[in-house]
Amino acid sequence: KLQELNAKYKASGVEVVGISEDDEKSGIKDFGASHGAKFPLGWDEGKAIAGKWEPKSMPASFVVDKKGIIRFAHLGYHDGDEAEVEKEIKSLL
């Protein structure tokens, strides 16, 4: 679902980035490929990003504005969450 949003809003300047906080980076690329992710995927080695943003559960999705401020946070994933994320993206364009 994130890839669909990425494709739909990329021309508007929206960037989707996936970051794994797994203990090892092996498997991240394969996971992304198997789920159709064509956006950048990174590894949070040492959990530096997770330590700063402190997600309460995983997966977690954050909508961040152009100034780097977290505007919306989604914890976990449920079918249909992408509609809310899209609404939030539109509110920031």
### Query
Can you name the residue in the stretch 7-44 that is of a type in the set (S, T, N, Q) and more than 18 Å from Pro55 (Cα to Cα) and, of all such residues, is least open to solvent (accessible area, probe 1.4 Å)?
Ser12
### Query
Consider Lys1 against the criteria (1) closer than 19 Å to Leu93 by Cβ; (2) without any contact (Cβ under 8 Å) to a residue 12 or more places away in the chain; (3) basic (Lys, Arg): it satisfies all of them except one. Which criterion is unmet?
(2)
#### Entry: Scope the stretch 22-36; condition touching a Phe, Trp or Tyr at 6+ places or on another chain (Cβ under 8 Å) and in a loop (DSSP other than H, G, I, E, B); matching residues
Asp22, Lys25
### Query
Going by the structure shown, is Ile49 in a helix (DSSP H, G or I), open to solvent by less than 100 Å² (accessible area, probe 1.4 Å) and over 15 Å from Glu82 (Cβ atoms)?
yes
### Task
Return the total of residues in the stretch 1-21 being farther than 15 Å from Trp43 by Cα and small (Gly, Ala, Ser).
4
#### Entry: Residue satisfying condition, being open to solvent by less than 40 Å² (accessible area, probe 1.4 Å) and either of a type in the set (Val, Ile, Thr) or touching a Ser or Thr at 6+ places or on another chain (Cβ under 6 Å) (or both), within set Ile70, Ile89
Ile89
### the stretch 71-88, residues that are assigned to a helix (DSSP H, G or I) and either closer than 15 Å to Gly18 by Cβ or in contact (Cβ under 8 Å) with a residue 60 or more places away in the chain (or both)
Asp81, Glu82, Val85, Glu86
### Message
Just checking, does the stretch 55-70 include any residue being in contact (Cβ under 8 Å) with a residue 40 or more places away in the chain, hydroxyl-bearing (Ser, Thr, Tyr) and within 17 Å of Asn6 (Cβ to Cβ)?
### Response
yes
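The values are calculated or read from the model by the stated rules, or taken from the named source; none is laboratory data. This one's a predicted model, so the numbers in the text were calculated from it and none came from an experiment. Here the Cβ is made from the backbone with ideal geometry for all residues, glycine too, and neighbour counts use every protein chain on show. To get the accessible areas, we keep the full protein, side chains included, count just its heavy atoms, and leave off ligands, DNA and RNA. Shrake-Rupley method; radii C 1.70, N 1.55, O 1.52, S 1.80 Å.
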